[in-house]
Amino acid sequence: MEKGGHGGKSAAVPAPHLQPPPQPRKERRPSMFEKEAYAQILRERLRESFHDVQYVEPPFDDSIADLGKEWKSALAKLKFANSYRMEPLKKFQAHSVETKVQQILKESLKDVQYDDKVFSHLSLELADRILSAVKEFGYHRYKFIIKVLFIQKTGQAINVASRWIWDVAWDSWVAAKHETETYVALALVFALYCE
């Protein structure tokens, strides 16, 4: 008698394997970090794109104030190539800007008494006026930050500090002050050159 169980051998019937049919192997995309493949990838990307970039040198002289809006509207339709300019054509002149800001403060604040509710709106208006006046100087590629502070005179001392990371060769700042019997108005203009 034959015993069925663990020790006996049974006739092996091959089980059908359920494997998917073999698919064609996809080629691996080359990595851009491989030296040989980098040039190939760059050629493929450039082949798929087209460039209609132009470079126009704007007129940087005193007549820019006259041209102003017509010149800017003509440029709105163009795309510019990188000029790789690392320094401004016209450096920020702090003295002339300070004179203009001082004049704006003097004209806007004569016969104005201290009122904190009025000054909250007046500081925004002054900042806008100062910004538009500074932009009229035609410092291209400069970004401007304007701060206007009103300080009531009540016998206190105040320190105003600002801290920036900037290029000392091209970036600059201007402070202008207007003082009356009841308050001090302080306007700060920061000019940052963007390459």
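Do the conditions hold for residue 117, that is, is it in a helix (DSSP H, G or I), on the phi < 0 side of the Ramachandran plot and over 28 Å from the mean Cα position of the chain (by Cα)? Taking the combined requirement at face value, the residue satisfies it. Pairs are defined by a Cβ separation below 9 Å, a sequence spacing of at least 6 or placement on different chains, a first member in segment 81-104 that is on the phi > 0 side of the Ramachandran plot, and a second member that is surrounded by fewer than 14 Cβ atoms within 10 Å (Cβ to Cβ) and in a loop (DSSP other than H, G, I, E, B); the pairs so defined are 84/195. For the residues 150, 144, 137, the requirement of being open to solvent by 50 Å² or more (accessible area, probe 1.4 Å) and in contact with a helix residue (DSSP H, G or I) (Cβ under 7 Å, 6 or more places away or on another chain) singles out 137. Within segment 88-134, restricting attention to residues that are within 22 Å of residue 170 (Cα to Cα) and of a type in the set (S, T, N, Q), the residue that is most open to solvent (accessible area, probe 1.4 Å) is 93.
The values are calculated or read from the model by the stated rules, or taken from the named source; none is laboratory data. Bear in mind the structure is a predicted one, so any value in this text is a computation, not a measurement. Neighbour counts run over all protein chains shown; Cβ positions are idealised from the backbone, glycine included. For the accessible areas, the whole protein counts, side chains as well, though only heavy atoms, and no ligand, DNA or RNA atoms are used. Shrake-Rupley method; radii C 1.70, N 1.55, O 1.52, S 1.80 Å.
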